[in-house]
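Read the figures in this text as sums done on the coordinates, not as results from a lab. What you are looking at is a predicted structure, and each value in this text was computed from that prediction instead of being measured. When we count neighbours, we look across all protein chains shown, and the Cβ atoms used for this are built from the backbone with ideal geometry, even at glycine.
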Amino acid sequence: MTMAARPALRRAIPSLRSSTTHQSPQIQHSLRSFSCSSPACRASPAGSTTPDYATPDPSRPTHFGFETVTEAEKRERVAGVFRSVAESYDKMNDLMSFGWHRVWKDHFVAGLNPGFSPLGTPGSDPRSPQHILDIAGGTGDIAFRMLHTAHVVNGNPDVTVTISDINPAMLSVGRQRAQQQLTASQLAATSFVEANAEDLTQTKPLAPDSHSHSTITTTATTIPTTNPPISSSIPDNSVDLYTVAFGIRNFSNIPAALREAYRVLKPGGVFACLEFSKADRYGPVFNTIYKQWSFGAIPLIGQLVAGDRDSYQYLVESIERFPSQGEFRDMIVDAGFVVGGTGYENLTGGVAAIHKGMKPRAQ
Ligand SMILES: C[S@@+](CC[C@H](N)C(=O)[O-])C[C@H]1O[C@@H](n2cnc3c(N)ncnc32)[C@H](O)[C@@H]1O
């Protein structure tokens, strides 16, 4: 489902309500978004013993690559990985993927077409204001593409982007890049916040660093970077487009992050995720070569280029541990989103995949 494909969804939703018989497989699949089937989305009513998997629990077991750790330990170790790789992250991305990550990111952003919303109320301007939240935004690759498409390609300067990440080291690199690469108006439409994607009620603007003389811009106001960080919550129903690229597999509690995505999106808002996936669409030979490259070469390149084998070993293991395309689609549906078609698009034989879901307009 792309933003441009929303009419199909809007047509599907009333038919879901009016008909429970003769549903196509696609409609039946969408209908699942109105129920909650997996443990991931079952809330614990008072007195119930059913675990609430969508609420972060520091002591609950999860995985860090191939190791079993607690959610709290994973958070700390993932922070260590991205603190370690922040400076070499962009160069390593090119080396590890032969530059393919750029093609996937371009395709991801083109499909979302930020700054152009043809599906507003009849007669309304398709270039209406939009607020984009780029979660796990790291060094800004997705956000910068969003701003370029919205401001330059679609001529819509009323698009703002918040780049949010748990790791200030990644955001600091992103802010330096933003100052070098963005135009003044794009920079003014950009904000950097530190936040855990699993709890967006606690965010703070990226603290000033000693080399920066810039300002941090929120959607509401421009804050000189000398101001102390202010903690605040991303409000319910405040975001038009939520993006997360190559970030979600690092989260300790993915259902919690999906629940937060649903909370902050406006009705009709879109969740869009670009992530490594199961490379099984070109057959077993391709998959075997891909796995040999991943496990054989990537940690070695990490060691030679970034002096950090362990972090890159974790990155390839985390790809292996991430759910399949269909499993992840089901988690998105369980969080309440409506998906179109299969709910995902494979890229390069499934090496990466794009998943999208829409928060229903009527709940
Ligand atoms: C592989 S980088 C992706 C960066 C960027 N989106 C891109 O596509 O280039 C993954 C990012 O996820 C962030 N991250 C990991 N766990 C997170 C969490 N719980 N909440 C928010 N960000 C998180 C890391 O700090 C890191 O910047």
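Observations, loosely collected:
- Rg/Rh for segment 54-358, where both radii come from Cα atoms and Rh is the Kirkwood radius: 0.94
- Highest mean packing comes first when the peptides 176-188, 141-153, 306-318 are listed by Cβ atoms within 10 Å, giving 141-153, 306-318, 176-188.
- The length gained on full extension between Leu95 and Phe295, counted as 0.36 nm times the residue separation minus their Cα-Cα distance, comes to 70.6 nm.
- Positive minus negative residues near Ser128 (Lys, Arg vs Asp, Glu; Cβ under 10 Å): -2
- Contact order for segment 54-358, expressed relative to its length and based on alpha carbon pairs under 8 Å spaced 6+ residues apart, stands at 18 percent.
- For segment 232-363, averaging the sequence separation of C-alpha pairs within contact (under 8 Å, six or more residues apart) and dividing by the residue count gives a relative contact order of 32 percent.
- With 0.36 nm allotted per residue and the present C-alpha distance subtracted, the Thr70-Asp57 stretch has 3.8 nm of extension available.
- Pairs from Lys91/Lys291; Lys91/Lys356; Lys91/Lys278; Lys291/Lys359; Lys105/Lys291 whose Cα-Cα separation, in the structure shown, is over 26 Å: Lys91/Lys356; Lys291/Lys359
- As a calculated quantity, the FRET efficiency between Ala362 and Thr201 at R0 = 25 Å, using C-beta atoms, amounts to about 0.50.
- Amide H within-cut-off set for Leu347, under 5 Å, with H built and near neighbours excluded: Ala352, Ala353, Ile354
- Between amide H atoms placed 1.01 Å from N, distances below 5 Å from Arg361 occur with Gly268, all of them 5 or more places distant or on a separate chain.
- Spacing of the modelled spin labels on Lys266 and Glu87, each 7 Å from Cα toward Cβ, amounts to 4.2 nm.
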